[in-house]
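The values are calculated or read from the model by the stated rules, or taken from the named source; none is laboratory data. Keep in mind that what you see is a predicted model, and the values were worked out from it rather than measured. Ideal geometry is used to build each Cβ from the backbone, glycine not excepted, and the neighbour counts take in all protein chains shown.
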Amino acid sequence: MARYPSAHYSDLGQASAIESPPNTQKSGSSAALLGTTGTELLKQLNAFDCESVSTADRCKHPYDDLLKKTLRGERSELPAPPVIYWFHATRVAPDTRFEDGIQPLSQVLDRVWAFLGCLASAWSTPTEWLAFRNGMRGQFADQYARKVASRFNQGPFAFLVRDALLLRDQMGANHDFLGIPEIVEDICLCYEMMFGHCLRARFSEATKPCIVKFKSTGPRPDALAAALMYVHRKAKGQELERSCNTCYSGEGVAVPPGDIVQVEWPEVEA
C-alpha cells in the first residue's frame, strides 16, 4: 500500500503555480478545479503508479494522459485554470523594484546596455562602448542579433513551477536565468572575446538572483496537467522532469506592475 508523505497538498502547491486568488486556501486550487479536496487529490495522485501500467498502454499514451485518465476517467480533458501564477527568473541590481512591471526585451535593451556600460567603464570609455555595441562580431554577436530580431524571443518569459528554476538538471532547463540573463551573457561573452575583460564577473558582483511571481488570466489548457504531474512526482519522491512544467511567453507584451504578486531574492549557489 502506498505510504502518503507527511507534506500537505497545500505545501506542495507553494512551488507550483496553479493557485487560488489571495485570501483563499491554496489547497482549494487545482483540487477545486477537479471538484475534489486537496487531501483527496493527493491520495489519488499517490495511488497512480505509471510503472504498473502495461507496456502497451505506456507506448500508446503519454504519461500525462495516463495521469489524467486516473483522475478523470473517460472525461480526460482537464479544466483550464481561471488564474495562473508564473515565476519569472532573472538577475538584476538589488535596488530593482519592477515599478514598470516585467518588460519585454525590446523595452529593456537600452537599459541593459547602459548598465553594462557602467560596469565596463574601467576598461572602455562611453565612445568605445558605443562602438562595441555597433560593431559586435563573432559567435555571441550572432546569437545576440538573432534574439533581438526575433519576435519569439521578446518575452517576458516565466515558468509555471518554481522548482524549474532551482532544479534545472532534473527539469531539463538549458540556461541558468538566475545566474545571468541570456541577452546579458551574449553581450558579456562577446565583449570578453573582443577585449579580454571578464564583464560577466562584474555583472555577477553588481546583481542578485531574483524571482518575480506574477499572475495571468490568459487561457492555458496545458497548465493544470503540468501542475498535476509536478505534484504527483514530488509527492511520491520521484525525480522531476521537463513535463512537470510549462512556460509563459508575453510575446512582446509587458507584465503590468499590478499583476506582480511577489519579488523574491533567493539564495542560490554560484
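Evaluation of Leu165 against the conditions (1) among the aliphatic types (A, V, I, L, M); (2) within 14 Å of the chain's Cα centre (by Cα); (3) in a loop (DSSP other than H, G, I, E, B) shows that the sole unmet condition is (3).
Would you point out the residue of the range 50-96, among those that are modelled with pLDDT under 95 and basic (Lys, Arg), that is surrounded by the fewest Cβ atoms within 10 Å (Cβ to Cβ)? This residue is Arg75. Per this entry, Val255 is counted among residues that are buried (at least 18 other Cβ atoms within 10 Å of the Cβ) and in contact with a Phe, Trp or Tyr (Cβ under 7 Å, 6 or more places away or on another chain).
Identification of helices (runs of 4 or more DSSP H) wholly contained in the range 73-162 with 2 or more residues that are within 22 Å of the chain's Cα centre (by Cα) yields 105-119, 139-149. If you check Asn174, Asn134, Asn153 for being at pLDDT below 95 and within 18 Å of Arg111 (Cβ to Cβ), only one passes: Asn153.
Inside the range 180-198, residues that are buried (at least 17 other Cβ atoms within 10 Å of the Cβ) and either touching a residue at least 60 places away in the same chain (Cβ under 8 Å) or among the aliphatic types (A, V, I, L, M) (or both) make up a count of 8. Scanning the range 204-251 for residues that are surrounded by fewer than 17 Cβ atoms within 10 Å (Cβ to Cβ), in a strand (DSSP E or B) and of a type in the set (A, V, I, L, M) yields no hits at all. Under 21 Å from Gly252 (Cβ atoms), surrounded by 19 or more Cβ atoms within 10 Å (Cβ to Cβ) and hydrophobic (A, V, I, L, M, F, W, C), is that true of Phe152? Taking the combined requirement at face value, the residue does not satisfy it. The single condition among (1) assigned by TED's automatic domain parsing to the domain that holds Leu105; (2) out of contact with any strand residue (DSSP E or B) (no Cβ under 8 Å at 6 or more places or on another chain); (3) of a type in the set (A, V, I, L, M, F, W, C) that Phe177 does not meet is (2).
Which one is nearest to the chain's Cα centre (by Cα), of the residues in the range 175-203 that are among the aliphatic types (A, V, I, L, M) and in a loop (DSSP other than H, G, I, E, B)?
Looking at the filtered set, the residue picked out is Leu178.
Scanning the range 155-179 for residues that are surrounded by 13 or more Cβ atoms within 10 Å (Cβ to Cβ) and charged (D, E, K, R) returns Arg162, Asp163, Arg168, Asp176.
The rows are residues; the columns are (1) assigned by TED's automatic domain parsing to the domain that holds Ala122; (2) closer than 24 Å to Ala131 by Cβ; (3) at pLDDT 95 or above.
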| residue | (1), (2), (3) |
| --- | --- |
| Ile183 | yes, yes, yes |
| Asp186 | yes, yes, yes |
| Phe195 | yes, yes, yes |
| Pro209 | yes, no, yes |
| Ala226 | no, no, no |
| Val231 | no, no, no |
| Lys236 | no, no, no |
| Arg242 | no, no, no |
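On the basis of being touching a residue at least 12 places away in the same chain (Cβ under 8 Å), within 18 Å of Ala114 (Cα to Cα) and either among the aliphatic types (A, V, I, L, M) or surrounded by 15 or more Cβ atoms within 10 Å (Cβ to Cβ) (or both), does Ala201 make the cut? No. Consider the range 149-192 and keep the residues that are among the hydrophobic types (A, V, I, L, M, F, W, C) and out of contact with any helix residue (DSSP H, G or I) (no Cβ under 8 Å at 6 or more places or on another chain). The one that is nearest to Gln103 (Cα to Cα) is Phe157.
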